[in-house]
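Undergrad: Mind looking over this structure? Questions follow.
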Amino acid sequence: MSEIEQHPADTDWHRWAPIGQTLDTSRTPGSGPVPSIAAFELLPLEPMLVPEKPRGGELDASTCHHCGPANEFTIWQDDEWRVSGGMQGPTGIPFVGAISPRRHVKLEDAPLEVLAGLGPILQRVSEAAKAIPAVARCHFSRWNDGSAHLHLWAYARPAGMMQGRGAILPYWEQSMPAMPEEMMQEYLEIVANALAAGGGEAFPTR
């Protein structure tokens, strides 16, 4: 596939944007439901080039890592949905998982039966994550930049971790020391088995 020829994005907003500047982040520390950031610094705002490069599986579904047979990161699946865990190695919070439909769809073109199934699978994953003794809540996030395949991320907030409330939890996840491998595998098994109790198949995680 030939390399995409990119050029600077040119809209009123892009012409306004402070490209090349390092933005003021002084308003962020101390904000949120519970203060959890003392200070941080963004890198200078880079030029924004279009057209954007295709995401994984966008041009060729055969290259999509969400599709195909169960892989080493699959902890549970049924006929329609798959839950994966441990994709990024040991994590510092009790559970991080990806939820995706088995068929290759984007949010924009997903059939109604897939969209109708999204609510129930989120409910099931939330309850399964809370089966881990250390977990109080399960947060869900959708970022649409790495893969064209519809998927959401589940983040289990530890009980009592008020500084992890809301959108800050993924940053804590990146900053916490990694749990022991055995502990992570135990927690993945708890989630997989809790999901399988309601149907579908749990996969060995060790």
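The values are calculated or read from the model by the stated rules, or taken from the named source; none is laboratory data. A quick note: this is a predicted structure, and the numbers were derived from the prediction, not measured. Here the Cβ positions follow ideal geometry from the backbone for every residue, glycine too, while neighbour counts run over all protein chains shown. Protein only, heavy atoms only, side chains kept; ligands, DNA and RNA dropped before computing areas. Shrake-Rupley method; radii C 1.70, N 1.55, O 1.52, S 1.80 Å.
Undergrad: Among the residues of the stretch 61-93, what is the count of those that are under 24 Å from residue 169 (Cβ atoms) and free of Cβ contacts under 8 Å to residues at least 60 places away in the same chain?
TA: 5
Undergrad: Can you say whether residue 187 is at pLDDT 95 or above, in contact with a Ser or Thr (Cβ under 8 Å, 6 or more places away or on another chain), closer than 18 Å to residue 73 by Cβ and of a type in the set (Phe, Trp, Tyr), as far as the supplied structure shows? Give the derivation first.
TA: On the way: at pLDDT 95 or above: yes; in contact with a Ser or Thr (Cβ under 8 Å, 6 or more places away or on another chain): no; closer than 18 Å to residue 73 by Cβ: yes; of a type in the set (Phe, Trp, Tyr): yes.
Judged against the criteria, residue 187 is not a match.
Undergrad: Take residue 97 and tell me if it is at pLDDT below 95 and not acidic (Asp, Glu). It would help to see each step written out before you state the result.
TA: Numbers: at pLDDT below 95: no; not acidic (Asp, Glu): yes.
So residue 97 does not fit the description; no.
Undergrad: So which pairs qualify, if the first residue must be in the stretch 17-35 and within 25 Å of residue 164 (Cα to Cα), the second must be aromatic (Phe, Trp, Tyr), the Cβ gap must be under 9 Å, and the two must be at least 6 apart or on different chains?
TA: Qualifying pairs under 9 Å: 25/40; 28/40; 29/40.
Undergrad: Of the residues in the stretch 1-16, how many are in contact (Cβ under 8 Å) with a residue 24 or more places away in the chain, open to solvent by 70 Å² or more (accessible area, probe 1.4 Å) and over 22 Å from residue 147 (Cα atoms)?
TA: Going residue by residue through the stretch 1-16, those that are in contact (Cβ under 8 Å) with a residue 24 or more places away in the chain are 1, 4, 6-9, 14.
Keeping just the survivors that are open to solvent by 70 Å² or more (accessible area, probe 1.4 Å) gives 1, 7-8.
Going one step further and asking which of them are over 22 Å from residue 147 (Cα atoms), we end up with 7-8.
Of the residues in the stretch 1-16, 2 are in contact (Cβ under 8 Å) with a residue 24 or more places away in the chain, open to solvent by 70 Å² or more (accessible area, probe 1.4 Å) and over 22 Å from residue 147 (Cα atoms).
Undergrad: Another question about this same structure. Search the stretch 59-92 for residues being over 18 Å from the mean Cα position of the chain (by Cα) and in a loop (DSSP other than H, G, I, E, B), and hand back the single one that is modelled with the lowest pLDDT.
TA: Going through the stretch 59-92, the residues over 18 Å from the mean Cα position of the chain (by Cα) turn out to be 59-63, 68-70, 78-80.
Those left that are additionally in a loop (DSSP other than H, G, I, E, B): 59-60, 68-70, 78-80.
Numbers: 59: 87, 60: 86, 68: 78, 69: 81, 70: 83, 78: 97, 79: 96, 80: 96.
Out of the qualifying residues, it is 68.
Undergrad: Starting from residues that are modelled with pLDDT under 95 and farther than 25 Å from residue 187 by Cβ, keep the ones in the stretch 114-148 and report whichever is most open to solvent (accessible area, probe 1.4 Å).
TA: Filtering first and then ranking leaves 145.
Undergrad: So how many residues does the stretch 4-20 have that are part of a loop (DSSP other than H, G, I, E, B) and either more than 29 Å from the chain's Cα centre (by Cα) or among the small types (Gly, Ala, Ser) (or both)?
TA: Of the stretch 4-20, the ones part of a loop (DSSP other than H, G, I, E, B) are 4-6, 9-11, 17-20.
Those left that are additionally either more than 29 Å from the chain's Cα centre (by Cα) or among the small types (Gly, Ala, Ser) (or both): 5, 9-11, 17, 20.
Of the residues in that region, 6 qualify.
Undergrad: Anything in the stretch 151-176 that is in a loop (DSSP other than H, G, I, E, B) and either over 22 Å from residue 106 (Cβ atoms) or open to solvent by less than 10 Å² (accessible area, probe 1.4 Å) (or both)? List them, or say none. Spell out the reasoning first.
TA: First, pick out the residues of the stretch 151-176 that are in a loop (DSSP other than H, G, I, E, B): 151, 159-161, 165, 176.
Those that are in a loop (DSSP other than H, G, I, E, B) and either over 22 Å from residue 106 (Cβ atoms) or open to solvent by less than 10 Å² (accessible area, probe 1.4 Å) (or both): 159, 160, 161, 165, 176.
Undergrad: Which of (1) closer than 16 Å to residue 64 by Cα; (2) open to solvent by less than 10 Å² (accessible area, probe 1.4 Å); (3) in contact with a Pro (Cβ under 8 Å, 6 or more places away or on another chain) is the odd one out, the single condition residue 105 does not satisfy?
TA: Against the list (1) closer than 16 Å to residue 64 by Cα; (2) open to solvent by less than 10 Å² (accessible area, probe 1.4 Å); (3) in contact with a Pro (Cβ under 8 Å, 6 or more places away or on another chain), residue 105 comes up short only on (2).
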